[in-house]
Amino acid sequence: MMADVTKFLTGIETFQQQHFGENSELANTLVDGQKPQALLIGCCDSRVDPALLMDCSLGDLFILRNIANLVPPYLKNDDYHGVSSSLEYAVCYLEVSDIIILGHSKCSGIGALMASANGKEAGEFIGKWVNIAASARDKVLQEMPDESPEKQARACEREAVLVSLKNLMTFPWVKERVSKGQLSLHGWYYNIETGQLKYYNQLTGAFEILVKRYSPKVQENPL
Ligand SMILES: [Zn+2]
């Protein structure tokens, strides 16, 4: 039986009324082009919708979502590079000033990565994809071998954000802009149980609670 998509159609109607009615100033300004401030790289998880979480409007965020919010290292070959091409467009063409990696708790992608330590490779594509953060998994298992699988997974979710930050810097045009102070990289972690957001503090090397006055300094090496 076909699922009922009425809910989505009703939502589109509401959206159209809000943005394309008489007071459609916002939509009009965006017709000719976009100038988002940030590229946000988030997980596909339906509970972590970046624009909803940050109360953003149309045009605010250039969003790339994939399993476990991962960035692969810079690699030029004949594969299809969805992440790298989105990154290139955001950085080199839209010239965003910020890139945010948004990790989150209870991430199934990171769960698959942790399970792979026991030889369980997920799916046809997922296992290879999440393996981008294999070094995060190995670090967690080495540093906290006696912790519960839940705590290890939470730690791996945060470590994987750092792997993606590090991989971002392997893209020459990202590295160049960061070193010139034109681009800032941010590692964030959202707790789906509490709604709390933490950010990676380069100075302390820890994830800390995000406060309103948060204003990270641009640094050459984010790690
Ligand atoms: Zn996830």
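Readers should treat all values here as calculations from the given coordinates under stated rules, not as data from a laboratory. Predicted model only: the values in this text are computed from it and were never measured. Glycine also receives a Cβ, built like all others from the backbone with ideal geometry; neighbour counts cover every protein chain displayed.
What do you get for Rg/Rh over the chain if you use C-alpha atoms and the Kirkwood form of Rh? Over the Cα atoms of the chain, Rg/Rh equals 0.99. For the chain, a crude dipole built from +1 on the beta carbon of Lys and Arg and -1 on the beta carbon of Asp and Glu, taken about the Cα centre, is about 600 debye to the nearest 20. Ignoring the sites themselves, what is the longest stretch of the chain with no GluC sites (Glu not before Pro) in a DSSP loop and at most 15 other beta-carbon atoms within 10 Å? The answer is 23-94. Springs join every pair of Cα atoms under 10 Å in this Gaussian network model of the chain, and among Ile12, Ile126, Ile63 the largest mean-square fluctuation is at Ile12. Summarising the amide proton neighbourhood of Ser184: residues at separation of 5 or more, or on other chains, whose placed amide H is nearer than 5 Å comprise Asp98, Ile99.
The fewest-to-most ranking of Ser164, Ser116, Ser179 by surrounding Cβ atoms within 10 Å reads Ser179, Ser116, Ser164.
Too long at a 19 Å Cα-Cα cut-off: which of Lys76/Lys120; Lys106/Lys151; Lys76/Lys180; Lys139/Lys166; Lys76/Lys166; Lys128/Lys151? Where the Cα-Cα span goes over 19 Å, the pairs concerned are Lys76/Lys120; Lys76/Lys180; Lys128/Lys151. Full extension of the chain segment joining Cys92 with Arg65 gains 7.8 nm, where the gain is 0.36 nm per residue of separation less the Cα-Cα distance. Summary value for the chain: 19 percent relative contact order, contacts being C-alpha pairs under 8 angstrom separated by 6+ residues. Length gained on full extension, His81 to Met144: 19.3 nm, using 0.36 nm per residue less the C-alpha separation. Helix 149-168 and the longest principal axis of the Cα set of the chain meet at an angle near 70°. Counting beta carbons within 10 Å around each of Leu58, Leu70 and listing the fewest first gives the order Leu58, Leu70. For Lys106, what is the net charge nearby, where nearby means another residue's Cβ is under 12 Å from its Cβ and Lys, Arg count +1, Asp, Glu -1? Residues near Lys106 contribute -2 overall.
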